[in-house]
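Novice: Got a structure for you, questions after.
The numbers here are math on the coordinates, done by the rules we state, and not lab data. Note that the coordinates shown come from a computational prediction; the quantities given were computed from them, not determined experimentally. As a convention, Cβ positions derive from the backbone with ideal geometry for all residues, glycine included, and neighbour counts pool all protein chains shown.
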Amino acid sequence: MADYLRIGRMYFVLLAIFAVARFAQGAMGVPYAKAHHVFSIFILTVLASVFYAAFCRRWRGFRLLQAMCLGAIFGFVAQVVIFLATMISYALGIETFFNHMTALNQTEAVPMGRAVGLRAPALVIFPIINAIAAAIGWALGGLLPDASAMRATPVAPATVPTTRMVL
């Protein structure tokens, strides 16, 4: 588990940036319909699951189950962030992209208790979606060059002929 968390450090930093930016967009009054796609945690997480699984297969020797576990962890952590950001939005009494009715798949605003019920199933569903995305990435990882082919051998600096001008 610790190895998965160490490997995913860059993703977790991006997740934090996206969560803060998404929170700020809503809190600053940016219309949801105009900007909800700009910092999409769903897209970030699915693509991270695909790419990490592909690279980890080829260059770290991950097996399919390891790649799927990494994707599931990404999905779970992302959903916890979304869940907590939703609760914080309600607790502070501000409308953000996390508690917006469209983000909750509703036609009108809902109270916090209902939002909890709407968000909770995603704590299970989103890790499964990301495990599947990671399996796809793992399959595509076979297209990447082998790790040994990626090792760069030091090359002597090229000498550049210079032209001297004699006056």
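Novice: With Rg and Dmax of the Cα atoms in Å in mind, check (1) 16.3, 51; (2) 22.1, 87; (3) 16.6, 59 and report the label derived from this structure.
Specialist: (2)
Novice: Moving to a separate point now. Hey, got the dipole for the stretch 2-146? About the Cα centre, +1 on K and R Cβ, -1 on D and E Cβ, debye to the nearest 20?
Specialist: 280 debye
Novice: Here's another thing I want to ask about it. Hey, got a sec? Which trypsin sites (Lys or Arg not before Pro) in the stretch 39-68 land in a DSSP loop and have at most 16 other Cβ atoms within 10 Å?
Specialist: Arg63
Novice: Return the calculated 222 nm mean residue ellipticity for the chain, to the nearest 500 deg cm²/dmol, obtained by summing -39500 (n - 2.57) across DSSP H runs with n ≥ 4 and dividing by the residue count.
Specialist: It lands at -21000 deg cm²/dmol.
Novice: Can you give me the relative contact order of the stretch 2-146 as a percent, contacts being Cα pairs under 8 Å and 6 or more apart?
Specialist: So the answer I get is 36 percent.
Novice: Still on this structure, I have one more. Please identify the helices of the chain, taking whole runs of DSSP H, that span at least 24 Å along their own axis as judged from the Cα atoms and have a mean Kyte-Doolittle score of 0.0 or higher.
Specialist: Helices meeting the span and hydropathy rule in the chain are 9-27, 41-60, 64-92, 122-140.
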